[in-house]
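First the structure, in the form of structure tokens, and then the observations on it.
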Number of protein chains: 2
Amino acid sequence: MSKRSYAILGTGALGGFYGAKLQKAGLDVHFLLKSDYEYVSKSGLVIESKDGDFTLTQVNAYNNVKKMPQCDVVVVALKTTQNHLLSQMLPPVIKDNGVVLILQNGLAVEEEVAKIVDNVSIIGGLCFLCSNKVGPGHIHHLDYGQITLGEYVFGYDPTGITEKMRQVANDLKHAGISIELTEDLLLGRWKKLVWNIPYNGLSVILNARTDELMSYVHTRKLVEQLMYEVALGSKSCGRIIGDSFIQTMLDYTVKMKPYRTSMKIDYDERRPLEVEAIFGNPLRKARSSGVDLPQISCIYQQLKFLDEKIRVENRQNV
Amino acid sequence: MSKRSYAILGTGALGGFYGAKLQKAGLDVHFLLKSDYEYVSKSGLVIESKDGDFTLTQVNAYNNVKKMPQCDVVVVALKTTQNHLLSQMLPPVIKDNGVVLILQNGLAVEEEVAKIVDNVSIIGGLCFLCSNKVGPGHIHHLDYGQITLGEYVFGYDPTGITEKMRQVANDLKHAGISIELTEDLLLGRWKKLVWNIPYNGLSVILNARTDELMSYVHTRKLVEQLMYEVALGSKSCGRIIGDSFIQTMLDYTVKMKPYRTSMKIDYDERRPLEVEAIFGNPLRKARSSGVDLPQISCIYQQLKFLDEKIRVENRQNV
């Protein structure tokens, strides 16, 4: 079995789930927690999963990266709204020549990490996961769980399949996680945005589930138009997303169970929204190539308004 | 004093207010009512107004156009969502060679009326009025009240100032209503949309007042972008709206008291929204000239979703 050690930065619905799977498979895993630190230190993690429930009665829990050992793989499982903390959090916990595995939504997060750490590999992971944190240290995994991995190098040039990717993929597969490898991380990220941009955005703005957006003719059409704008943005980065991929995403969503998107859950919980990673960065990437995405821009500005109102509320409630 | 008789189709916050002013000035006015018919027949109309309260203890009230006398001027003061009724309502009540005065928001409503009635003049009125119906036959006039009048001819060619416009304007002025005349109704209608499209649309979608939309930087910017798209639509009809007009509308709104738009009031009351008149018709006009307005289109599709949901609710509640 692998000797690689894992640090999980952000032990929530996503980081808690994948981290627990790794520990259950026998790997050496270290969890960073915030509000649940006391509880998880004493009681461990409970995973309720469609693939089988399990409990970890003892986990290595930390409330400060400086107390954590340096690890071979550092999994960034925070919301991107917390990424301003990474410059403080990453350097103490990553081994020289280690891997930063970024399990976040959106675009350009690897670029930000590359500015913080040297002499490490940066791997982006696109998670197709439906899970919620239902209580302290208590995670409910509802569906899916697959991760697509791709390595980042400067400028997002395609890397092919690298040795580091294989190593991390083997650990994750060993933990029962379905893994795909991509030679082109940037294409993978744009493809994920084809889904995330219309559904995350409109679900928040229109207070709607995916099935409602698809059953009304005008939002069904708007979703499709937004997907085509994402493909335009992708093209501005030299990555082609074909019509058939868009049609597949539409058909797939029609067949899905009614789904509350991750951004809608954040919004309902009055948490800051991942607007910049999912909307702002793609818009800026496209604009830097002279490409305007007016409907995504409209959605972005609407979300920024709603997000700002949440942040104002939260400041007032402190 | 004028001998012209007036029929008011739709005795709500707008039709009730202007109709009562005309009757108070001594004109012969006939009111069509629906839900308030019984009450107003007995008790008349109460106008609470910043320009002075007044009561009309007796009014000519009707619940059916067929019982109304034919009038010289028929004021269409329904919501545009009711315009499918006009083909039944207008012919019985309009005198030959009379005037249909359309006090509605949006674009292209005169074209629809022109298909219904012959041998009449059609005048469009752009109302800058802030009033609410607060109870049966009880109207609260909060602010403004000015009307800009322009005559419609086929194709919206500018008409200059016509004799019919002057006659109607004189009656309205005599009733204490501030009147402007425009030689170009279509330009007037597009100019009004510069305000209505961003503020009506975003106030509903984002659950916001005008002051909130203007105080957050991203919605402030989106409002401005939408205004420029309206100007593009206007240009596609050969009508030029300059930057300075847009800047004036922005400045004017910043200085306004916090305002709940008419569409937001309809939305909060779960009434059907005037989406087609204010958004759909301008989009179709521009598209017929090959001009795409992507951000207005985005807002339109969002509003159609919200409007459809209201209509579904209302059908279920019948």
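Side notes on the structure shown:
- Rounded to the nearest 20 debye, the dipole magnitude of region A:5-183 is 560 debye, with +1 charges on Lys and Arg beta carbons, -1 on Asp and Glu beta carbons, and the Cα centre as origin.
- Think of region B:21-150 as a dipole: +1 on every Lys or Arg Cβ, -1 on every Asp or Glu Cβ, centred on the Cα centre; then among B:Cys130, B:Gly98, B:Leu86, B:Leu86 lies furthest on the positive end.
- Relative packing of peptides B:43-49, A:267-273 - highest average C-beta neighbours within 10 Å first: B:43-49, A:267-273
- Long-range Cα-Cα pairs in the protein assembly as shown (distance over 35 Å), rounded percent: 50
- Computed from label points 7 Å out along Cα-Cβ, the spacing between B:Val254 and B:Glu224 is 0.9 nm.
- The alpha-carbon of A:Lys235 sits under 16 angstrom from the alpha-carbons of these aspartates and glutamates, leaving out residues fewer than 8 places away in its chain: A:Asp157, A:Asp184, A:Asp243, A:Asp292.
- Stokes-Einstein translational diffusion, region A:198-308 - Kirkwood Rh over all Cα pairs, 0.890 mPa s, 25 °C, in µm²/s: 171
- Student exercise, region A:178-230 dipole from Lys, Arg, Asp, Glu Cβ charges, in Debye to nearest 20: 160
- Shortest-first nm distances, B:Lys67 label point to equivalent points in other copies (7 Å, Cα→Cβ): 8.1
- A:Cys298, A:Cys130 arranged by Cβ crowding within 10 Å, fewest neighbours leading: A:Cys130, A:Cys298
- Inter-chain Cβ neighbour average for residues A:214-222, partner chain, 10 Å: 5
- Distance between the 7 Å Cα→Cβ label points at A:Phe128 and B:Asp157: 6.1 nm.
- Calculated FRET efficiency for the pair A:Phe54/A:Arg311, C-beta based, R₀ 41 Å, to 0.05: 0.65
- Calculated FRET value between B:Asp96 and A:Arg270, using beta carbons and R₀ = 51 Å, to 0.05: 0.25
- Counting neighbouring Cβ atoms within 10 Å and putting the fewest first, the residues B:Lys66, A:Lys309, B:Lys264 line up as B:Lys66, A:Lys309, B:Lys264.
- A Förster radius of 41 Å combined with the Cβ-Cβ distance from B:Gln88 to B:Lys24 puts the calculated FRET efficiency at roughly 0.85.
- Region A:158-188 residues near the modelled A:Phe245 label - backbone nitrogen below 13 Å, point 7 Å along Cα→Cβ: A:182-188
- For peptide A:305-315, the mean count of partner chain Cβ atoms within 10 Å of a residue's Cβ comes to 3.
- Descending by average beta-carbon neighbour count within 10 Å, the peptides B:16-29, B:284-297 line up as B:16-29, B:284-297, the highest first.
- Summing Cβ point charges (Lys, Arg +1; Asp, Glu -1) relative to the Cα centre of chain A gives a dipole of roughly 400 debye.
- B:Lys235 paired with B:Ser215, simple spin-label distance in nm, labels 7 Å along Cα-to-beta-carbon: 3.4
- Greater than 18 Å apart at Cα, pairs in A:Lys3/A:Lys173; A:Lys164/A:Lys285; B:Lys3/B:Lys79; A:Lys221/B:Lys304; B:Lys21/B:Lys264: A:Lys164/A:Lys285; B:Lys3/B:Lys79; B:Lys21/B:Lys264
- Kirkwood Rh, Cα atoms: Rg over Rh of chain A: 0.95
- Remark on A:Asn60: its backbone amide H falls under 5 Å from those of A:Phe31, a criterion applied only to residues 5 or more positions apart or on other chains, H modelled at 1.01 Å from N.
No value in this document is a laboratory result; all are computed from the given coordinates. All of these numbers come straight from a predicted model, not from anything done at the bench. Methodologically, a virtual Cβ is constructed for each residue, glycine included, from the backbone with ideal geometry; neighbour enumeration extends over all protein chains shown.
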